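The structure appears right after this line, and notes come after that.
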Amino acid sequence: MTPNQDIFYITTPIYYVNAKPHLGHAYTTVVADVCHRFHKMKNKTAFFLTGTDEHGDKVVKAAQNENMSTKGYVDFISGLFQNLWPDLSVDFSQFIRTTDVNHIETVKQILQKIYDSGDIYFSEYEGLYCFGCEQFYTEKELVDGLCPDHGTAPEIIKESNYFFKMSAYQDWLIDHIKTHPTFIRPERYRNEVLSFLKDPLEDLCISRPKTRLTWGISLPFDDRYVTYVWFDALINYISALGYPDDQRFSTFWPHAQHVVAKDILKPHGIYWPTMLKAAGIPVYQHLNVHGYWNVDNSKMSKSVGNVVDPLKLKDVYGIEAFRYFLMREMSFGLDADFNESALVQRINSDLANDLGNLVSRTLTMVHKYFKGLIPDISVSDIKDDKIKEAASDAVRAVDSFMNDFAFNKALASIWELISHMNRYIDSSAPWELAKKEENRDELSFVIYNLLEGLRIIAGLIYPVMPDTSQKILALLKQDMLATGMFTWGQLNAGIRIEKSVTLFPRIDTKAKKEKQKSQKIDRKLTDLKPEIDYEDFQKIDLRVGTVLDAEHIPESKKLLKLQVDIGEKRTIVAGISKHYSPEDIIGKQVIVAANLKPATLMGITSEGMVLAAVKKKKCSVLIPDQSLLVGTPVQ
Ligand code: MSP
C-alpha cells in the first residue's frame, strides 16, 4: 500500500511516570513537534501523539516512596508531562495514558485476538530477572553477570506465564526490514536489528502473575494475570486512534512514524512489528531512532545528579533558543553532549549575531531609507537573482533534510542563507547606495531582496522556532504561513513594516561566569556543617577496629552486615555494599564511631558506624595506613 502523501502521523514513546520529565524526554518530544509542525505547514493532515506509560512495579514502588496512592501518583506525574509540553511549545494532537479506559479495552481486544489465533500460549519459565528493570535478561545481555542498567546481580525466577510466539514471525520480519530499507532508520539501527535477528528469537513473556504485580491490565483470558509492560505500552499507538473502527485509525495508521531513542530499539523494532503482524494489522512506516543526550560528557543520571530540567533552561534562555539548540546540536541517530556553554555560544553567535542582526539591520534600513515602507521594485530593470536563488536552494534543502530527520543539516542550510544575506548587505553597501539618488532603484532592489529573504527564513524556521517565526512575520506585516509562503516575490510595495526589535539579547558570558563562580563559593559554604566546640568533637569515641566478617543483607542493595573487633565484637550495618564486596572488606582495619546510640536497620541492630568518605557515586572506607592495635583511639 502506498500511503497518501498528504497525511502524516507521528508518535513519541509514552514516558514512564516513575520520574519527572528531563532533557531526553524533551528532545524526543520536540523532534516530534518539529516534524508535526513542518508537515502541517505543508498543508498535510497531521496527527501527533504523546503520552505516559503508567503500569508496572516501578510505578507502584515510586508511589510508595512518595507516600502516595498509585493512582494519585500517576495522575501527578502524568500531569507534569502534560503541563510541560505547552511550556516547550509542543503542540500535540492527543495525550494518551495507559490507564485510559479506551486504551485498556484495546489492549484486551488485541490480546484476545492473538490468543484466539493461537500465538499466545501458557508455559513455565525460568530466567534471570532484574527487579530494577522489571525484565528478564539472557546470559548474553548481562555485563559481567550483572544487569547492564543497574549493575546488580539478577535473580533466578521461575514462574508460569503467557508467551507471545514472536519466533514465528522472525523470518517475516527479516524479510520486511530487508525489502523496506527505511523501515528502521538511520541505517545503523536497521543493521543493529538485523544483526540481532541473526540469532533465533525467543518468544516474548507477556504476563505477570497478579501475586507479583496488580497494577496492570488483566488478561482477558486469564484473570490471574496482568499483561506486562510492552504488550500494554506499544498498543497505545493504535488505541489512541480508536482502533479498529474509528476513522482516525483508518486515516492515520497507514502513515505511522515512531520516534524513539536507541534504548527502546528492540521493543519497537522487533516486538511491535511482530505483534502487529500477529494481530493482522499493517505495520508502521518508519521507526526513527535517535541517540542519547549526555551531559558534560557523562550519562545523565539521578545518582550522578546531572539530570537536566528543561523547564529551568527554558526559564533562563527562553524556549526558542532551547529548541534551536536541541535541533542544531544533535545529529539524529548519534549521541550528543549537552553543556550550557555550548548553548550560550549558539545563542550568541547563531541567534543574536546572525539571525538577530540580519533582522535588525534590514528593518533599520527600511525605516532609514524608505520611511518604513516596503520599496517598489516593479519598475526596476535590475537583474540579480543571487538572493532569490540562495533562498530557493535553502527551501529545497530544508525540505529534503526535514524529511530525512536531518534537523541539524536543515538548520545549517537556513543559516547558510542567513550568512549569505549578511554578506550581501556588506557587499552591496546600501549606506553607500543611499548617498546618490541615481542609485535609488538599486537600493530598493537590495532592500526588497533582504525583506523577501527574511520572510522566507521566517517560514523555514517555523517548525523549530514557531514564536520567532511569528515575530518576524508580524514585523513584516505578513500572515503566518500564508499560501505561497515559500514562493519568491510575495511582499507588496508600500506596506508599512514595524521597527526593528531585539529578537535574541546576547548573553553576557563574563557576567554569567562570575555569577556561577559566586554560586560555587556559596555552595561550598552552605555544604559546611555549623561550627562545633572541640569538646563536642571529643564526645565522639572513634576507635580502630578490624573487620572479622561481612555479609550482604539479602533485602538490601546498599547494606553490608559487618562484625568488627574494636576490643570487643560489634555488629555494624554499613551502607557500602555497592562499593565493597564482603571479600574486599574482611580483614581490613577501619575507623569506628564506637559510642553512637545503636540503631536498627533492616531488622539488624547496628552498634556503631564505620567512617567513609562519600560524595555522589564515590565511597571510600577510611583505612589506617599501618596495622594498629584494635581499640586504638582516633583523635
Ligand atoms: N515507557 C517506555 C516507552 C514505551 S513506548 C511504547 C519508556 N519510557 S521512558 O520514560 O524511559 O522513555 C524513554 C525515552 O525517553 C527514550 O526512548 C527517549 O525518547 C527519551 N530519553 C530518555 N533519556 C534520554 C536521553 N538521555 N537522551 C535522549 N533521549 C532519551 O521507555
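A short reminder: the numbers here are calculations on the coordinates, not readings from a lab. Predicted, not measured: the structure shown is a model, and the values here were computed from it. In this analysis, Cβ positions are derived from the backbone assuming ideal geometry, glycine residues included, and neighbour counts consider all displayed protein chains.
Taking Cα centre as origin and charging only the Cβ of basic (Lys, Arg, +1) and acidic (Asp, Glu, -1) residues, the dipole magnitude of the chain rounds to 1340 debye.
Could you give the length gained on full extension between residue 123 and residue 247, defined as 0.36 nm per residue of separation minus the Cα-Cα distance, in nm? Please list the in-between numbers first.
On the way: separation 124, 0.36 × 124 = 44.64 nm, distance 3.81 nm.
Extending this stretch completely gives an extra 40.8 nm.
In the chain, Cα pairs under 8 Å separated by at least six residues give a relative contact order of 11 percent. Taking 14 Å as the straight-line reach from the Cα of residue 178, the aspartates and glutamates in range (excluding those fewer than 8 positions away in the same chain) are 187, 192. Legend: ranking of residues 438, 551 from fewest to most surrounding C-beta atoms inside 10 Å; resulting order 438, 551. With an a/c value under 1.5 for the gyration tensor axes a ≥ b ≥ c computed over the alpha-carbon atoms, the range 166-299 is described as rounded.
Measuring r between the beta carbons of residue 584 and residue 334 and using R0 = 41 Å, the FRET efficiency lands at 0.60.
Spin-label model, residue 437/residue 482: points 7 Å from Cα along the beta carbon direction are separated by 3.3 nm. Extension gain for the segment residue 292 to residue 368, taken as residue separation times 0.36 nm less the Cα-Cα distance, is 22.5 nm to one decimal. When the pairs 20/71; 20/210; 436/471; 266/615; 58/312 are compared against a 24 Å limit on Cα-Cα distance, 20/210; 436/471; 266/615; 58/312 fall above it.
Our summary of shape: the Cα atoms of the chain have principal axis extents of 104, 74, 42 Å, ordered from largest down, in whole angstrom.
Relative protection proxy for 33-45, 290-302, from highest mean packing down: 33-45, 290-302 (other beta-carbon atoms within 10 angstrom).
Computed over the chain, the per-residue total of -39500 (n - 2.57) for DSSP H runs of n ≥ 4 gives a 222 nm mean residue ellipticity of -12000 deg cm²/dmol, rounded to 500. Candidate cross-link partners of residue 578 among the aspartates and glutamates, defined by an alpha-carbon separation under 16 Å and a same-chain spacing of 8 or more, comprise 144, 149, 551, 555. Average projection, convex hull of the Cα set of the range 335-475: 9.4 square nanometres. When cysteine pairs in the chain are screened for C-beta atoms closer than 4.7 angstrom, the residues that find no partner are 35, 205, 619.
Which of the helices in the chain meet the span-like rule: DSSP H, Cα axial reach of 18 Å or more, Kyte-Doolittle mean at least -0.5? Display every interim value, and only then the final one.
Working: long enough: 23-41 (26 Å, 0.14); 70-87 (26 Å, -0.12); 101-116 (22 Å, -0.30); 357-370 (19 Å, 0.15); 386-403 (26 Å, -0.17); 407-428 (31 Å, -0.07); 440-461 (31 Å, 0.90); 509-527 (26 Å, -2.18).
Length and hydropathy pass: 23-41, 70-87, 101-116, 357-370, 386-403, 407-428, 440-461.
Amide H contacts under 5 Å for residue 219: 225, 226, 227, restricted to partners 5 or more places along the chain or on a different chain, H placed in the peptide plane at 1.01 Å from N.
For the range 1-58, dividing the convex hull volume of the Cα atoms by the residue count gives 91 Å³ per residue.
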